[in-house]
Structures are given as C-alpha cells and as structure tokens.
Amino acid sequence: MRQKFQTRRFSSLAIAAMSLCAASAATALDVGQALNKVDAQLAQNYAGLDALYKDLHAQPELGFQEVKTAARLAKEMRALGFEVTEKIGQTGIVAIFKNGPGKTVLVRTELDALPMEEKSGLPFASKVKAQWNGAESPVAHSCGHDIHMASWVGTAKTLLALKDQWKGTLMFVGQPAEETVNGAQGMINDGLFKRFGKPDMGFALHVSSEPAGLVAYKPGVVSSNSDGLDIVFKGRGGHGSMPSATIDPIMMASRFVVDVQSVISREKDASQFGVITVGAFQSGTVGNIIPDSAQLRGTIRSYTPEVRKVLHTGIERTAKAVADMSGAETPQVKIIKGGNAVVNDAVLTETTAGVFKAAFGPRAVLMPAPISASEDYSDFIIAGVPSVFFMIGGSDPAKYAELKAAGKPVPVNHSPFFAPVAEPSIKTGVRAMTLAVMNVMQ
C-alpha cells in the first residue's frame, strides 16, 4: 500500500463498540461448522505457510521485479491444481480453479516490497538490495505483503481441501507493483479480464499495526485517492554573499512548503479529509552558493473527487504565486495521478460482515473512518468487480497493549521496525478470506 498506514489509527475498543451497532447480515454459510473445517486445515498446513512467509520475507523484490516471488507462488498454485498463467502485466500471475457452475470470485495478493532498509531484528530479516531510481537500495517487506501472500496461498489450500463445500470458479491474482499503485492497471491493460473473464466479485485483505486477531471491515470508501507531486522552482544562482544578484529557489520552495498548507486549512472543507505532504526537498551543493533550482516531491491524499480537485488547483496556484513573488519564471509543476480510493460494495460488505461477526465475535469490528493510505486494488473495482477490501491486525497484542500503556508508538506499515507476528496474522487472514469466499460460492 503506497506510503501506507500513516493513518487515522482506529482504536480496537472504540471499533468493537461501534461494531455492536452494525447490522449482522444473514449468511449463506454455516460459519461455525466451516470455521472448524478451516482450522483443521490450518493445523495441517501452517508449518508450510510459515516457511513460505519467512522465505518471501527474506527475499523481497521491488515492483515489476518480482520474478522469483511470482515463480514461487506460481509453483505453489500449480501444485494445488490451479491453472496458472505468468507474466500478466509484466510479473503478475493468474491462477484459475474451476469447481463446477457458479460465480467467479477474485482473490488478490500483492507481490512487491519497498525500497527501504529493514530494522525489525528478525532472524530472517531482509538483506536484499536492488536498483531503484538509478541507485542501489535496500529492499524490505515492511508493508506486510509477505503476510498477504502466505495467507493467499493458505486460503487456496484450504478452499481446495474443502471444495465439496462450495462451487464456482476461483481467480487468484498475484498483482505486481502495488506500492507504485500501477500494478493492478498494468494487469488490466494486459488483458486480465478479457483473457480470463471478469469476476462476479472480489476480495483483498491488508495487515495493519492493530492487534493480531482483529478483522476490520467498512462499506463504502475504505482508502484514499493518492497523487504524486513534483515541483521544480527555477531561480538564478550566484554567490551566497550576494543574494541580491540572485533569485533564490530555496526561498521559493520553502515558502511553498509552508503556504500550500493554507489550501488545507482555508480552502478545503474542514469536515473533509485532505493531505498535502512534501517529503523530499533537494537543492544546492554547498553552503556559500545559491543554486539555480530547487525540487520538491510529495504526496496528495483525499477521499473524494471534489477535495482532490481543490488540492490540485491550490497546489498549482500556490506554486505560481510563490514564483511570481520572487520575480522568477513559472515553476514546473507535475501532479502525477496515483491510486483511486477503494470503495467497498455495500451489499457484499454487509454479507461478509455477517460472516466475520459469526466467526470472530467481538474481534470483527467496523472501521469508523477510511484509512488515509492508498491502494490500487481500486482499479479492479473501477473495472467492474464489486469487492470487499478488509483489514487484519498484525501486532503482538501484549506488545501493542504495553506500548499503548506507555504512550509509545506502535510500529506501522512502512516503518523499518514493522514486523507482524506471523502465526496469528496469517491464520486470521486464511480464516477470514476462506470464509468470505465460501459464503458467496454456496
């Protein structure tokens, strides 16, 4: 999930209270009986899933470079009896299993990792490095996609072992490049739904820093729109002792970083979510030279098209105004479209929530608000696949409670210290996904 989970963190207790107010939908599945069967399969399969998770964690690959990762998952799925096609959207995979007439259901996992150093201290921590933006970078699964992949394979194993309990076609999709929010569209552009048919519905999950064992769901908007920001302010360089002979791009860029926040505080509806963050500021070489340009890069987040437009317009106007104040030429402003908000299907979410509440009790909770992070699973939804994107917890519950009690931060996704506890996270992922899929394939 691109720059994920610097989020409005949802309190487990608050959400649990809210979940009691959510309507419990009738389910087509005997959830208790099905859960017992899923757990029996997990008891047999977990050792293999744990080994898969550790191997994937130790050998992460960046977006559109997931050659070994895709091959490993393809091998796992072929061994189960899926018909697997590789290299969809460069490094994506599609695994199909037909089990009689019925609905076609998509289950998505991501394959890619992040260009960052891991500092989790795990014995199987990544030491991998790869080329990223023209330079060598450490690579780590600090977003949790390794947990997702292990849960995905575990769900496939469980569903096939229980194939007398459901009917229809499974479409398991291993998507590349989620972190750059263009892998899903890459698969669609490569004919994903033309070649394999459009599913009737879809499911995806994401691990979070909430306590392991938690399952969180929400109808409607679940994640944010995300766009990239790249601005180059052009000045006139010169000696640091003679600033009057220059046009200082660092001054312009600095003004912009501060002034653009007025778009959030004064132009955006105060009740609506919107974020403009500058995360990179690059200019100059030494302290006594005023450079001739300064580059800023950042991220823009929103939930609605209306707020998205306000932020884009405000950024462009503020950048031009800052340059005009300095008598500089118009800056180069690029707003790079990223992911769209994930919007869960209301009816499918209600049905799935009923299954989660029956299976997990008070650990199945209603999210009070969308997360501020972004996800390109939205492209599958926009292409016409009604879906449920849900969250699972990943933090050790005791450690989570200890940190909260001490007022210390819990490591979140994209932190170098983010390290979900594997067994409860993967088992929760398999339970939740398997039951959700079985429920709609009765």
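For segment 268-290, a residue qualifies if it is of a type in the set (Val, Ile, Thr) and either surrounded by 10 or more Cβ atoms within 10 Å (Cβ to Cβ) or within 26 Å of the chain's Cα centre (by Cα) (or both), and the qualifying residues are Val275, Ile276, Thr277, Val278, Ile289, Ile290. How many of the residues in segment 404-423 are touching a Leu at 6+ places or on another chain (Cβ under 8 Å) and free of Cβ contacts under 8 Å to residues at least 60 places away in the same chain? Total satisfying the criteria: 1. Checking each residue in segment 408-442 for being farther than 24 Å from Leu122 by Cα and surrounded by fewer than 20 Cβ atoms within 10 Å (Cβ to Cβ) picks out only Gln442. Met77 falls short on exactly one of the conditions (1) touching a residue at least 24 places away in the same chain (Cβ under 8 Å); (2) of a type in the set (A, V, I, L, M); (3) not in a helix (DSSP H, G or I), and that condition is (3). Pro123 meets all of the listed conditions (1) touching a residue at least 12 places away in the same chain (Cβ under 8 Å); (2) assigned to a loop (DSSP other than H, G, I, E, B) but one, namely (1). So, Ser271, is that one among the polar types (S, T, N, Q) and without any contact (Cβ under 8 Å) to a residue 40 or more places away in the chain or not? So Ser271 fits the description; yes. Just so you know, in segment 237-256 the residues that are among the hydrophobic types (A, V, I, L, M, F, W, C) and outside any helix (DSSP H, G or I) include one that is nearest to Ala328 (Cα to Cα), and it is Ile247.
The set of residues from segment 379-416 being in a helix (DSSP H, G or I) and within 25 Å of Leu435 (Cβ to Cβ) comprises Phe380, Ile381, Pro397, Tyr400.
None of the figures in this text is laboratory data; all of them are computed from the coordinates on show. None of these values were measured; they are calculated from a predicted model. Because the Cβ atoms are built from the backbone with ideal geometry, glycine has one as well, and the counts that use them run over all protein chains shown.
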